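Written out below as structure tokens is the structure these notes cover.
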Amino acid sequence: MKIICSSIDALPESLPAGSRAFTFLEPSSQSDVGRIAYGWHRELENAGYAPSVPVWDFVLFCFAIYAADVAVLRKGSADGWTRQIELKVTLNDPAPWEKSRNIAENMLRVLTGDFWTLQFRSGGPTPPNGQRRLCDRDCVALLSGGLDSLVGGIDATAQGRRPIFVSQLAFEDSARQIAYANALGGGGWHQQWSHKVVFGGRKETSTRARSMVFYGLAVLATSLLAVSRPEILVPENGFISLNPPLLPGRMASLSTRTTHPLFMRLLQALLDAVGIDAHLSMPYRFQTKGEMLQQCADQVLLAKYGCDTTSCGRFRTYNRTHCGRCVPCMVRKAAVLHWGAADTTTYRFSSLSAAGKTSADDPMAVACAVLAAEQRGVDSFLGATLSFASDADRQHYRCVAERGLAELAVLLRRDGVL
């Protein structure tokens, strides 16, 4: 499917058959044209943003990727999953993007599992021109409302770092994000924004590219810093970053790759290629979630907020309650067990053995993965999963996968699944 993301001035008067269009920042008079971040330009200027052209074009690109991702239904593809997406984006300086097109397409192939064809054209909306510049912050940290990002914020501030915390507005997590930023002393520079992607018709729910908005907002926040080569802290545990396929049917993008090391490597290469002087840092890439909790620098603060965080992949399905049986919930439960604290999270299914036969797919998949690693060795389970890694890193990733499965094994045996 063809998707056009354009400034209002560069939008074609008539759209090609079978295509869908979005306008940045302003609505179109054409009823079938969606919109992205309507009214945001003025909000950013009022907040003091004056990003460079490379930074602003990266934000536009990220928002366009998300819009295309939710606008193209997977069920319409030949195999019910893999899509062919042709995306045209208007930018302020498309030249470096055209030169880096292969990097961007390969990156998105890894992230979403689709085949992307990208075109970059001139005529994008100009960057906001605010007046404020930040002097007392030294890095950017993602703050989602999840457990890993809370640990990341605690550790960063304990080390004397002064992050700008960046969050995506989310109905379920916005209040949590504010509370955590305030508790960490960064409430004054907490950045909460939304992509505001709106269009008529059905939406694709897999949203494999949703993290692109988060990275776009993080890069935008670096424009407030006075430091050279600002660091963007991406606090995710190594086991979930790898997200090794638990069963053969969960290969590639059937398991999410939001912070997968190969995707992150390509994302950094894209930032470098288009002239953005920012460094993506993953301080927990060789740690499990349980190890993150055990080694957190402020155990008192973690104990206060840890079980209030959100991890569930089906949080909305159960009226903003953790289901307790999806893979993120199981990893969370196993991590808290490893930590040794009482898990006060409210789960729809407190025990995996009580999930019922019709809702046992994820526990079954985890059980199969644990048994495969225990009976045949972790290398047999991983197969070629780590082929992307350098010789120096491969053993570290292997070990974090092995330890992550060991944490899950304790949970499964506690609940009588194994």
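Using a 7 Å offset from the Cα along the Cα-to-Cβ direction at both ASP136 and MET364, what is the distance between the two label points in nm, to one decimal?
5.6
With point charges of +1 on the Cβ of Lys and Arg and -1 on the Cβ of Asp and Glu, referenced to the Cα centre of the chain, which listed residue (SER19, ALA373, SER350) lies farthest in the positive direction of the dipole?
Result: SER350.
Restricting to bridges with both residues inside the chain, how much of the DSSP beta-bridge set is antiparallel, in percent to the nearest 5? Walk me through the numbers on the way to the answer.
Working: 1 of 35 bridges.
Given both bridge residues lie in the chain, the antiparallel proportion sits at roughly 5 percent.
Using a simple spin-label model with points 7 Å from Cα along the Cα→Cβ vector, what separation in nm is obtained for ARG42 and ALA354?
A separation of 5.2 nm, rounded to one decimal place.
Let me know the Rg and Dmax you get for region 311-414 when you use only its Cα atoms, in Å.
14.9, 45
Extending each Cα 7 Å along its Cβ direction at SER14 and VAL53, get the distance between those two points in nm, one decimal.
3.3
What's the angle, to the nearest 10 degrees (0 to 90), between helix 53-71's Cα axis and the longest principal axis of the chain?
That helix lies at roughly 70 degrees to the long axis.
Can you tell me which of ASP277, ASP136, ASP391 moves the most in a GNM of the chain? Springs connect C-alpha atoms under 10 Å apart.
With Cα springs under 10 Å in the chain, the top fluctuation among ASP277, ASP136, ASP391 is at ASP391.
Given R₀ = 51 Å, FRET efficiency for THR317-ALA95 by Cβ-Cβ distance, to 0.05?
0.70
Remind me, relative contact order of the chain in percent, using alpha carbon pairs under 8 angstrom and six or more residues apart?
Computed over the chain, the figure is 16 percent.
Set Lys and Arg Cβ to +1 and Asp and Glu Cβ to -1, take the dipole of region 311-414 about its Cα centre, and tell me which of MET364, LEU405, SER387 lies farthest positive.
Ranked along the dipole, the leading option is MET364.
Compute the helix-to-body angle for 174-183: its Cα long axis versus the longest principal axis of the chain, expressed 0 to 90° and rounded to tens.
That helix lies at roughly 80 degrees to the long axis.
So what's the gap between the Cα centers of region 1-78 and region 173-237, to the nearest angstrom?
Region 1-78 and region 173-237 have Cα centres spaced 18 Å from each other.
Would you be so kind as to identify which of ALA179, ILE85, CYS329 lies farthest towards the positive end of the dipole of the chain, taking Lys and Arg as +1 and Asp and Glu as -1 on Cβ and the Cα centre as origin?
CYS329
Starting from 0.36 nm per residue, how many nanometres of slack lie between ALA175 and LYS203 once their C-alpha separation is accounted for?
Values: separation 28, 0.36 × 28 = 10.08 nm, distance 2.60 nm.
Result for the pair: 7.5 nm of gain on full extension.
When the Kirkwood radius is taken over all Cα pairs of region 2-122, what Stokes-Einstein diffusion coefficient follows at 4 °C and 1.567 mPa s, in µm²/s? Mind showing how you got there, number by number?
Values: Rh = 15.1 Å.
Approximately 86 µm²/s, per Stokes-Einstein.
For GLN30 and ASN102, what does the FRET efficiency come to when R0 = 30 Å and r is the distance between their Cβ atoms, rounded to the nearest 0.05?
Numbers: r = 33 Å, r/R0 = 1.09.
Using R0 = 30 Å, I get an efficiency of 0.40.
Set the Förster radius R0 to 41 Å, insert the Cβ-Cβ distance between SER77 and ARG376 as r into 1/(1 + (r/R0)^6), and round the FRET efficiency to 0.05.
Efficiency computed from Cβ-Cβ geometry: 0.75.
If you take the Cα atoms of region 162-285, find Rg, then find the Kirkwood Rh from the mean of 1/r over all pairs, what is Rg/Rh?
Result for region 162-285 is an Rg/Rh of 0.98.
Which of the trypsin sites (Lys or Arg not before Pro) across region 298-330 are loop residues per DSSP, with 15 or fewer other Cβ within 10 Å?
For trypsin sites (Lys or Arg not before Pro) across region 298-330 that sit outside H, G, I, E and B with at most 15 neighbouring Cβ atoms in 10 Å, the list reads ARG316, ARG320.
Return the calculated 222 nm mean residue ellipticity for the chain, to the nearest 500 deg cm²/dmol, obtained by summing -39500 (n - 2.57) across DSSP H runs with n ≥ 4 and dividing by the residue count.
The per-residue figure over the chain is -12000 deg cm²/dmol.
Output the relative contact order of region 139-281, whole-number percent, from Cα pairs under 8 angstrom with separation of 6+ residues.
Values: 176 pairs, mean separation 38.6, N = 143.
Dividing the mean separation by the residue count of region 139-281 yields 27 percent.
Taking the Cβ of ALA179 as the centre, find all other residues whose Cβ is under 14 Å away and add up their charges (Lys, Arg: +1; Asp, Glu: -1).
-1
Cα axis of helix 101-112 to longest principal axis of the chain: angle in degrees, 0 to 90, nearest 10?
Tilt of helix 101-112: around 40 degrees.
Students often check this: by mean Cβ neighbours within 10 Å, which of 31-39, 229-237 ranks highest, and how do the rest follow?
Averaged packing, sorted descending, gives the order 229-237, 31-39.
Please identify every one of the chymotrypsin sites (Phe, Trp or Tyr not before Pro) in region 97-183 that sits in a loop by DSSP and has no more than 16 other beta carbons within 10 Å of its own beta carbon.
PHE171
Work out the P(r) tail for region 105-229: percent of alpha carbon pairs separated by more than 16 Å, whole number.
Values: 5384 of 7750 pairs.
Pairs farther apart than 16 Å: 69 percent.
Quick one: length gained pulling LEU247 to GLN299 fully straight, 0.36 nm per residue minus the C-alpha distance?
15.2 nm
For region 371-418, how big is Rg over Rh, using alpha carbon atoms and the Kirkwood form of Rh?
Across region 371-418, the Cα-based Rg/Rh ratio is 1.06.
Give, in nm to one decimal, the length gained when the segment between SER390 and PHE115 is fully stretched (0.36 nm per residue of separation minus the Cα-Cα distance).
96.5 nm
Quick note: the coordinates plus some simple rules give every number you see, no bench work behind them. Note that this is a predicted model, so its numbers are computed, not measured. Cβ coordinates were reconstructed from backbone atoms using ideal geometry, including for glycine residues, and neighbour counts include every protein chain displayed.
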